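Data block below; observations after.
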Amino acid sequence: MCAGRVISKLPCSGEKEVDLAVRSAKAAFKVWSQLSGMERSRVLLEAARIIREQRNEIATLETINNGKSIFEARVDIDISWQCLEYYAGLAGSLAGEHIQLPRGSFGYTRREPLGVCVGIGAWNYPFQIACWKSAPALACGNAMVFKPSPFTPISVVRLAEIFTEAGVPKGLFNVVQGGVATGQFLCHHPDVAKISFTGSVPTGVKIMEMAAKGIKPVTLELGGKSPLIIFSDSVLENAVNGALMANFLTQGEVCCNGTRVFVQREILDAFTKEVVKRTQKIQVGDPLLEDTRMGALINRPHLDRVQGFIKQAKEQGAKVLCGGDLYVPDDPKLKNGYYMRPCVLGNCTDDMTCVKEEIFGPVMSILPFDTEEEVVERANNTKFGLAGGVFTRDIQKAHRVVAALKAGMCFINNYNISPVELPFGGYKSSGFGRENGRAAIEYYSQLKTVCVEMGDVESVF
């Protein structure tokens, strides 16, 4: 990653290890699910405290694990402990309803945990995604078996240790390592009650198919090719900042990135000039240095894939306005790292591959537009629907446009801001179900209805 060197080797979990992890989690679930919400809350708060106090150490581990800048990794760790704190606050408030029925009878609902939940994470936000999935799951009284990406297996192990230190029952949060086969064993296991997956659309389809055989509920947070719409009445500096945030965080390896940047023709030249100027100043290099803002891509095959998209874009008529080439840091220890300069593509059209397909790298495509009606139609012309953004000083227009966008997460005059209080998830091929916010509680619990008769039973027989 950072230097193109192997930092550790972990054995893949086979069917035997997966079964052991699930059975261990099932045993811990029996204890954990019987605790009160306040008791679970105290444990989650303790885990959040440990993460907060060890922020720098965990961020350093994450940077080595993933290749992102230490600056960004610290933000990820902050979001992680905030997520645990948020669901700790909700744990004690989980409740059902009381419904009055005729003749003094009544009914009530109970919100109950599902059991052993499976989390399957992605390599772009390894620690944060594990917290996004485990915090609501554990707050609701579930156990979790988590499988990180085989490209970033390390930091989630630290999370498991922290949960143990915080006081969760042994086995409540288990980590298994591996690739496709390990994931299949998890999805097919009869004692798994739910699967939450973050990753690509093709893998999401396969997980749905496997889950369907066991009638298991799934949450899918998949890919995106999100539109960022910049109107001519926007504050140019804010719009440029938003476009950079929407394209170059974590080396562009972010599913909700606004990589189709639609710019109203009146400001196209001014916007493009400023974006190129700012992009060329982004500091690429050793992600452990404080002034670095873009680290290394995840691995060589992915770097080659991103480079292939840029080559194809040029062949299809796009113009490379800056970047797109490989970058070799001055430090000889990093010469084999997977670095590239962030890229801005101009002269793009809607039918180009770079505009239609998710690149998952630091590549921004700029497209001109003329009218609001036109850009909304073009923005929605995609199989994805994860996110969308609008920059304008006209607040009525902003709300009108986001209401028309077919996307689950929309931004007005900002981008890639994901507070844990707000639900996160997509439409269409970008998946379904929600992470974060109160909405996640719905996906990690189930309702039981109880009907109580206070008088004599009336029979129709």
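Out of Leu35, Pro287, Pro202, whose Cα points farthest toward the positive end of the dipole of the chain (charges: +1 Lys, Arg; -1 Asp, Glu; placed on Cβ)? Of Leu35, Pro287, Pro202, it is Pro202. Each other residue within a Cβ distance under 10 Å of Ala404 adds +1 if Lys or Arg and -1 if Asp or Glu, for a net charge of -1.
Packing here is the average count of other Cβ atoms within 10 Å per residue, and on that basis the peptides 134-145, 46-57, 217-228, highest first, run 134-145, 217-228, 46-57.
Building the convex hull from the alpha-carbon atoms of segment 382-429 and averaging its projection over directions returns 3.5 nm².
Pairs with C-alpha atoms separated by more than 27 Å, drawn from the list Lys277/Lys319; Lys273/Lys333; Lys277/Lys428; Lys319/Lys428, are Lys273/Lys333; Lys277/Lys428; Lys319/Lys428. For the pair Arg55 and Lys335 in one chain, pulling the backbone fully straight at 0.36 nm per residue adds 98.0 nm over the alpha carbon distance.
Using only Cα atoms, locate the centre of segment 88-117 and the centre of segment 381-444, then give the distance between them in Å, rounded to an integer. Using only Cα atoms, the two centres lie 29 Å from each other. Per residue, segment 227-412 exposes an accessible area of 42 Å² to a 1.4 Å probe, with every protein chain left in place. When Rg and Dmax are taken over the Cα atoms of segment 92-172, they come to 17.6, 62 Å.
Strictly greater than 16 Å: what percent of every Cα pair in segment 257-300 meets that? Cα-Cα pairs of segment 257-300 separated by over 16 Å account for 57 percent.
Probing with 1.4 Å while keeping every protein chain in the model, the per residue accessible area of segment 1-74 equals 53 Å². Just the C-alpha atoms of the chain: what Rg/Rh do they give, with Rh taken as the Kirkwood radius? With Rh from the inverse mean 1/r over Cα pairs, Rg/Rh is 1.01. Normalising the average separation of contacting C-alpha pairs (under 8 angstrom, six or more residues apart) by the number of residues puts the relative contact order of the chain at 20 percent.
Across all C-alpha atoms in segment 45-129, the radius of gyration and Dmax reach 19.5, 66 Å.
If both residues of a DSSP beta bridge must be in the chain, then about 35% of such bridges are antiparallel. Calculated over segment 277-381, the projected area of the Cα convex hull averaged across directions stands at 7.7 nm².
How much length, in nm to one decimal, is gained on full extension between Met38 and Ala181, taken as 0.36 nm per residue of separation minus their Cα-Cα distance? Value of the extension gain: 47.7 nm. Apolar share of the accessible surface for the chain: 54 percent from carbon plus sulfur atoms, 1.4 Å probe.
Sorting the segments 235-242, 424-431 by their residues' average number of neighbouring beta-carbon atoms within 10 angstrom, most packed first, yields 424-431, 235-242.
Given the peptides 113-122, 263-272, arrange them by the average over their residues of other C-beta atoms within 10 Å, most packed first. Write down the numbers at each step before the final one.
Values: 113-122: 24.4, 263-272: 17.3.
Going by the mean number of other Cβ atoms within 10 Å, highest first, we get 113-122, 263-272.
For the residue pairs Lys194/Lys448; Lys68/Lys335; Lys133/Lys213; Lys30/Lys170, the C-alpha atoms sit more than 20 angstrom apart in Lys133/Lys213.
Suppose we look only past 30 Å in the calculated P(r) of segment 227-412. What percent of the Cα-Cα pairs does that tail hold? Within segment 227-412, distances greater than 30 Å cover 17 percent of Cα pairs. Students often forget the sequence filter, so: which lysines lie under 18 Å Cα-Cα from Lys16 once same-chain residues fewer than 8 apart are removed? Leaving aside lysines fewer than 8 places away in the same chain, those within reach of Lys16 are Lys26, Lys147.
The values are calculated or read from the model by the stated rules, or taken from the named source; none is laboratory data. Bear in mind that the values here come from a model prediction, so they are computed numbers and not experimental data. Every residue, glycine as well, gets a Cβ built from its backbone with ideal geometry; the counts of neighbours run over all protein chains shown. These accessible areas exclude ligands, DNA and RNA; they are computed on the full protein's heavy atoms, side chains included. Shrake-Rupley method; radii C 1.70, N 1.55, O 1.52, S 1.80 Å.
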